[in-house]
There are 2 protein chains.
Amino acid sequence: MIAAQLRSSFRAGEVRPTAGLAPGHAQANLIAVPRDWAFEMLLYGQRNPRPCPVLDVTDPGSPFTDLAPGADLRTDLPLYRVWRDGELAEETPDATSAWRDDLVAFLIGCSFSFEAALLAAGIDVRHIALGCNVPMYRTNVACRPAGRLHGGMVVSMRPIPAGQIALAATISGRFPAVHGAPVHVGSPSDLGIASLDSPDFGDAVPLRDGELPVFWACGVTPQVAVMASGVPYAVTHSPGHMLITDVPDTRYQV
Amino acid sequence: MIAAQLRSSFRAGEVRPTAGLAPGHAQANLIAVPRDWAFEMLLYGQRNPRPCPVLDVTDPGSPFTDLAPGADLRTDLPLYRVWRDGELAEETPDATSAWRDDLVAFLIGCSFSFEAALLAAGIDVRHIALGCNVPMYRTNVACRPAGRLHGGMVVSMRPIPAGQIALAATISGRFPAVHGAPVHVGSPSDLGIASLDSPDFGDAVPLRDGELPVFWACGVTPQVAVMASGVPYAVTHSPGHMLITDVPDTRYQV
């Protein structure tokens, strides 16, 4: 039970990004909003399935999910962000005191879930090789609004050799519930990204000769919606610091 | 624009089941509930994707959907049901007077959408051959509840020759957003269905020698949830009398 052990260490206070941990286990983004915003958040996911594929939704106030029975969503992720009126109020390894009885938590698919499949196919995953967080960028691609919720899409980036891009697209495309195939290959400026060296979230990674940057939709997208829409209160994971679930990644492979 | 022509004839008052009409166009179930129930209905779909795959959700009060620009959800289906406190209050070809400003409409995938693919593969679709409605049955399979919403799954049934069942499963399985592969093959009593001759919705069709009944999850399932949960108000299509969309069925093929 490597997943449970890792969650236990996060509960005990360890803080680190989760890419590369517990290979074969799906990972998930967390966004919890007040019940009054829950319909719009769920609809935001329904209308934007590439960045916001909803894997599970808790009952109001419940910190428990079928994706990881026994896990506590308030403590078992390595790092959290607490948002007030669309602004980052706090970053904390323990969200217990931030949890509220009216919070509805959404578990959103995470592209870390198909990285084991990329590695198994011989595709290097740069941030795993370097032991750092994946680089993530805000883009100029608008999501389809849902009521009061609106905002741009966030993407994660992996440098891929030109000759392996089709393979990476094919493999990740088999995992639509965890972001699926890339949304863009090549020019960052097409997405409104000024510089790959300055990711909005996570760590920069080097691009080598013969590689192109390949962009996947990212589950940090709801956090941008929280900012853009001034959501009065939200608790999320910190980018790259995910819930490690008990669900095998193959469950999301079609 | 065969889809628009059919919608126009329904708007003018024609009443008939839509199976077999506008081959190549996806069809959709309709369920509209008050905004106060919208989160639970959307969550019911998220938690029960086989019977309730959500294709689109309207803004509150809006009778318009991206699935069929120009269509009016209040008039362009052949037949509607109006529900009060979980009971059928009215069946009508025009839901204009039943529509309310607080209604949120959900368009749910319909298995009619993969019938053209079945026919193209040489699989007879009995209710199309007979020019009647598909038989639909309530089952003893409970859906996963969502807040106040609960109820059993409804299935549609098509008789399929034993030697074609694998093919029918493979073809329909490529269309997960419109119910996908069968949920059951063979014994109706396993699902709590007492007699195939008495469908709960639609028309009975004969089973021939060498055929087994094959059951698919059905988008009438939300109507059973309306009944079981005592939803105070809802407007739905009448079973088998669907929205014919402008979306090609291939859009939902994976």
Shape category assigned to the range B:10-53 from the gyration tensor of Cα positions, a/c cut at 1.5: oblate
Expected 222 nm ellipticity per residue - DSSP helices of 4 or more, -39500 (n - 2.57), all of chain B, to 500: -5000 deg cm²/dmol
Among B:SER9, B:ALA22, B:THR245 the positive-end extreme of the charge dipole of the protein assembly as shown (Cβ point charges): B:ALA22
Cβ charges +1 (Lys, Arg) and -1 (Asp, Glu), total dipole of the range B:114-217, debye: 400 debye
Rounded if a/c under 1.5, otherwise prolate or oblate - the protein assembly as shown, Cα gyration tensor axes: prolate
Beta carbon of chain A nearest to the axis of the rotation taking A to B, residue and angstrom distance: A:PHE39, 2
Which of B:PRO213, B:GLY202, B:PRO176, positive extreme of dipole for the range B:162-236 (C-beta unit charges): B:PRO176
Peptide-level mean, for B:240-253, of C-beta atoms on other protein chains within 10 Å: 0
Choice from B:GLN46, B:GLN27, B:GLN223 showing the highest fluctuation, given a GNM over chain B with Cα pairs closer than 10 Å: B:GLN46
Relative contact order %, chain A, counting alpha carbon pairs below 8 Å whose residues are six or more apart: 33 percent
Cα-based shape type of the range A:79-215, given that a ≥ b ≥ c are square roots of the gyration tensor eigenvalues and the cut on a/c is 1.5: prolate
Selected from A:ARG148, A:ARG74, A:ARG158 as most flexible by GNM, with chain A as the system and alpha-carbon contacts under 10 Å: A:ARG148
GNM top mover of B:GLY192, B:GLY210, B:GLY24 - chain B, alpha-carbon springs below 10 Å: B:GLY210
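Values in this text are rule-based calculations from the coordinates and carry no lab data. Note that the structure is predicted; figures quoted are calculated from it, not measured. Quick reminder, even Gly has a Cβ in these numbers, built from the backbone with ideal geometry, and neighbours come from all protein chains shown.
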